[in-house]
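The structure appears right after this line, and notes come after that.
Nothing in this text is a laboratory measurement; each read-out follows from the coordinates by a stated rule. Please read all numbers here as calculations on a predicted model, not as lab measurements. Cβ coordinates were reconstructed from backbone atoms using ideal geometry, including for glycine residues, and neighbour counts include every protein chain displayed.
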């Protein structure tokens with residue numbers, strides 16, 4: 001009888017976790033040493049990162065949660081609910097507030113000058129993973145959506161690991177080494193940028209989940225990116241969900257947004273030359289900013305069409321196998 005009562009209580013707790021109990025208010029607000037790289041030319045300085053931590057007793061694995069261009073919203077804490085139900089601890093990162101940013105999708109170039117880009121998000125995540133390991137968590141994963149999904153591609157890049165280690169060591173006066181994450185998920189990321197000179201990956205299992213109807217970050221770029229990555233040391237896979245578009249798990253119905261998007265930008269950097277493959281335009285060197293400015297367009301759709309949680313079994317199943 002006592003066993004049945006305890007089992008019932010555990011089931012009740014699990015049910016509470018999966019009904020949206022995680023929130024900014026219910027999490028433990030935590031901070032750790034990160035880096036803010038801003039301006040042009042880029043200068044990197046120390047910054048206190050901010051996150052919201054959730055854990056049940058006995059958890060040995062943890063997952064970092066990274067938002068998109070809009071910053072923290074309901075979906076990030078729904079991810080936390082699903083991960084807590086699996087037994088993971090969760091660190092939901094607020095990348096924008098410490099950098100004085102509200103959103104980035106109104107002007108990605110201006111936001112990047114303040115540190116609102118995937119490069120800076122990766123600094124927060126990899127230093128956040130170190131914070132989690134120092135608290136005793138032995139398996140660390142990450143999930144990011146949209147701009148945070150694009151940041152997921154940085155988390156498995158060798159050059160990014162070296163850059164983070166070098167800057168954290170320099171800024172905080174202590175040796176810092178990046179330990180690769182154990183699993184990474186990127187939801188509807190932009191995959192239209194490849195750097196043949198620089199791209200080299202660690203063999204962290206990585207899952208991309210995209211929508212077949214995405215007109216902001218097209219799935220076709222990610223379908224091509226996975227073999228590109230795997231041919232350079234990576235360990236990626238992709239699931240393309242039919243009938244859904246960008247931000248298919250957002251807390252709002254599909255709608256039109258009149259903001260900048262890079263769906264027409266297919267950028268390849270090769271030794272001495274950058275090419276936008278859709279138009280054939282190219283420039284010498286390795287700086288892609290001019291070509292991105294040319295292929296930028298206005299207007300896209302985002303939001304859910306049917307089941308907002310259609311991808312949850314996909315990425316929770318991936319974490320079940322890898323963490």
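Observations, loosely collected:
- The strands (runs of 3 or more DSSP E) found wholly in the stretch 148-259 and carrying at least 2 residues that are under 19 Å from the mean Cα position of the chain (by Cα) and farther than 28 Å from residue 62 by Cα occupy 193-195.
- Residues located in the stretch 98-117, provided they are farther than 22 Å from residue 302 by Cβ and surrounded by fewer than 17 Cβ atoms within 10 Å (Cβ to Cβ): 100, 113, 114
- Residues in the stretch 49-66 that are more than 19 Å from the chain's Cα centre (by Cα) and in a strand (DSSP E or B): none.
- Failed condition for residue 93, given (1) surrounded by fewer than 24 Cβ atoms within 10 Å (Cβ to Cβ); (2) in contact with a helix residue (DSSP H, G or I) (Cβ under 7 Å, 6 or more places away or on another chain): (1)
- If the condition is being within 20 Å of the chain's Cα centre (by Cα), assigned to a strand (DSSP E or B) and touching a residue at least 60 places away in the same chain (Cβ under 8 Å), then the stretch 19-46 contributes 30, 32, 33, 34, 35, 36, 37, 38.
- For the stretch 69-88, residues that are assigned to a loop (DSSP other than H, G, I, E, B) and either free of Cβ contacts under 8 Å to residues at least 12 places away in the same chain or within 26 Å of residue 101 (Cβ to Cβ) (or both) total 5.
- Among the residues making up the stretch 252-288, a single one is loosely packed, with under 13 Cβ neighbours inside 10 Å, touching a residue at least 40 places away in the same chain (Cβ under 8 Å) and farther than 17 Å from residue 216 by Cα: 271.
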